[in-house]
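See structure below.
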């Protein structure tokens, strides 16, 4: 089998996984600004939702212990269909139905070759940059409160 064929679908899947993950973390103003900049608004048909429900959050002690139910979280999901036939899906924590609807539209637009660059540069790039800044700030705040414990070795008298 050709190596390019093996790499191609995985690269596409990983790119979509990245896009959907970033869209789930998008802020209202980021989604709205990208929608307003969109040169031609697509015809969108709702397939499912947006609808809000609950999911069970599971955890593990130490990352390797037995799983336990931590509690429930509110999640909103939506699926849309563009006039071209491309389906877009989105889900995010919380109850922001309009955000999830827009995220589903941008997921569908990301899948289309004609609009992928627009979605990448106008929406996903800035979201990725914002998240990187937030992560850096959190790491700096955490590092400022770090306490190093050390033990002094006493000589045997």
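The values are calculated or read from the model by the stated rules, or taken from the named source; none is laboratory data. Keep in mind it's a predicted model, so treat the numbers as computed, not measured. Virtual Cβ from ideal backbone geometry, glycine too; neighbours counted across all protein chains shown.
Filtering region 77-106 down to residues that are buried (at least 23 other Cβ atoms within 10 Å of the Cβ) and in contact with a helix residue (DSSP H, G or I) (Cβ under 6 Å, 6 or more places away or on another chain), which residue is farthest from residue 54 (Cα to Cα)? Per the criteria, the residue is 106. Here is a check on your reading of the model: is residue 75 in contact with a strand residue (DSSP E or B) (Cβ under 7 Å, 6 or more places away or on another chain) and either more than 17 Å from residue 124 (Cβ to Cβ) or not in a helix (DSSP H, G or I) (or both)? Judged against the criteria, residue 75 is a match. Inspection of region 16-38 finds no residue satisfying the criterion of being in contact with a helix residue (DSSP H, G or I) (Cβ under 9 Å, 6 or more places away or on another chain), farther than 22 Å from residue 130 by Cβ and in contact (Cβ under 8 Å) with a residue 40 or more places away in the chain. One residue stands out in region 1-60 among those that are touching a strand residue (DSSP E or B) at 6+ places or on another chain (Cβ under 8 Å) and modelled with pLDDT under 90: the one that is surrounded by the most Cβ atoms within 10 Å (Cβ to Cβ), namely 49.
Go through (1) over 14 Å from residue 48 (Cα atoms); (2) surrounded by fewer than 18 Cβ atoms within 10 Å (Cβ to Cβ); (3) touching a strand residue (DSSP E or B) at 6+ places or on another chain (Cβ under 8 Å); (4) touching a residue at least 60 places away in the same chain (Cβ under 8 Å) for residue 112 and report which single condition fails. Residue 112 satisfies all of (1) over 14 Å from residue 48 (Cα atoms); (2) surrounded by fewer than 18 Cβ atoms within 10 Å (Cβ to Cβ); (3) touching a strand residue (DSSP E or B) at 6+ places or on another chain (Cβ under 8 Å); (4) touching a residue at least 60 places away in the same chain (Cβ under 8 Å) except (4). Within region 90-101, residues that are touching a residue at least 24 places away in the same chain (Cβ under 8 Å) reach partners that are part of a loop (DSSP other than H, G, I, E, B) with beta carbons closer than 7 Å, at six or more positions or on different chains, in the pairs 99/26.
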